[in-house]
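The values are calculated or read from the model by the stated rules, or taken from the named source; none is laboratory data. These numbers were taken from a predicted model, which means no experiment stands behind them. For neighbour counting, all protein chains shown are included, and Cβ atoms are generated from backbone atoms with ideal geometry for every residue, glycine included. What goes into the accessible areas is simple: the full protein's heavy atoms, side chains included, and nothing from ligands, DNA or RNA. Shrake-Rupley method; radii C 1.70, N 1.55, O 1.52, S 1.80 Å.
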Amino acid sequence: MNHCSLLSAIVSAPHMGRMKRTIAVMGHYGSGKTEFAVNYSIYLKNKGHDVTLLDMDIANPYFRSRERQKVLEDKGIPVIFNTYGFDITEDLPAITPRIRTPLEDPDMNTVVDIGGNDSGARIIKQFIKYFEGDDVERCLIINANRFETDTPEGALFHLKAIEEELALPVTGIINNTHMLAETRPEDVIKGHKLCMKVSEETGIPVILDVCLRKFEDDLKGTGYDLFPIGLYMRPSWLDAKV
């Protein structure tokens, strides 16, 4: 199975074939990796796959997958993060060993939301054997509107830092260029161009371009492998009128 088979199949194939079972989602703080992880988990479930979301982000106290635990579990998607199963320990750097269960289940698709930067990636080293196999896609989310990844050089710096920390290569790049509610189709196009430059430098394929659902029709003519998403992680109070 080649790199493109993980996510390009999302929109281009009428019947999605066997994809890599574990999807490790990494990226800089503010890249939107958690939003992608939540949306992709829901996508898999809607397609009839058994899926578990592992929230392994203990480096950043904001915008974590566990914050949408009820939404996901109401859809039949277990969320695993700490021993207690709720955020009484949300600020402690601890991950439950229960994460091994879905990672060892050959019939379970597992989406892993990993903490930002190389410091967040460091957290999974105690479980590194689960991220080494051929059935694992190690995805780097890039937001070309985010300071420090808004140039090919900056994005490459963070990519290499994560690879060095894990001693494992990134296998796919995902363009998730956004400005939260202010995102426009032009942002996705800008991000795709930056990600392609990173791809040319590294040989790592761009496997997906994330866009808001309302912009899917605007971007269809680009030929990108689009993955339309909703904004599950954006708190409603951010859009309140004052």
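A residue that is closer than 29 Å to Thr22 by Cβ, in a helix (DSSP H, G or I) and either among the polar types (S, T, N, Q) or over 14 Å from the mean Cα position of the chain (by Cα) (or both) occurs somewhere in segment 201-211. Scanning segment 208-224 for residues that are within 23 Å of Ala37 (Cα to Cα) and either open to solvent by less than 40 Å² (accessible area, probe 1.4 Å) or in contact with a strand residue (DSSP E or B) (Cβ under 9 Å, 6 or more places away or on another chain) (or both) gives Leu208, Asp209, Val210, Cys211, Leu212, Arg213, Lys214, Phe215, Glu216, Leu219, Lys220, Tyr224. When residues in segment 146-166 are screened for being outside any helix (DSSP H, G or I) and farther than 15 Å from Met196 by Cα, 3 of them pass. So how many residues does segment 193-242 have that are at pLDDT below 95 and of a type in the set (Phe, Trp, Tyr)? Of the residues in segment 193-242, 2 are at pLDDT below 95 and of a type in the set (Phe, Trp, Tyr).
Would you pick out the residues in segment 113-139 that are in contact with a strand residue (DSSP E or B) (Cβ under 8 Å, 6 or more places away or on another chain), of a type in the set (Asp, Glu) and either assigned to a loop (DSSP other than H, G, I, E, B) or open to solvent by 40 Å² or more (accessible area, probe 1.4 Å) (or both)? Passing the criteria: only Asp135. Scanning segment 148-207 for residues that are polar (S, T, N, Q) and within 19 Å of Thr34 (Cβ to Cβ) turns up Thr149, Asn175, Asn176, Thr177, Thr183.
The set of residues in segment 167-199 being assigned to a helix (DSSP H, G or I), over 14 Å from Thr151 (Cα atoms) and either open to solvent by less than 10 Å² (accessible area, probe 1.4 Å) or without any contact (Cβ under 8 Å) to a residue 12 or more places away in the chain (or both) consists of Glu186, Val188. Among the residues of segment 1-45, those that are of a type in the set (Gly, Ala, Ser), within 22 Å of Arg213 (Cβ to Cβ), modelled with pLDDT under 50 and outside any loop (DSSP other than H, G, I, E, B) comprise Ala9, Ser12. Annotation for segment 140-160: no member residue is touching a Lys or Arg at 6+ places or on another chain (Cβ under 9 Å), at pLDDT below 95 and surrounded by fewer than 16 Cβ atoms within 10 Å (Cβ to Cβ).
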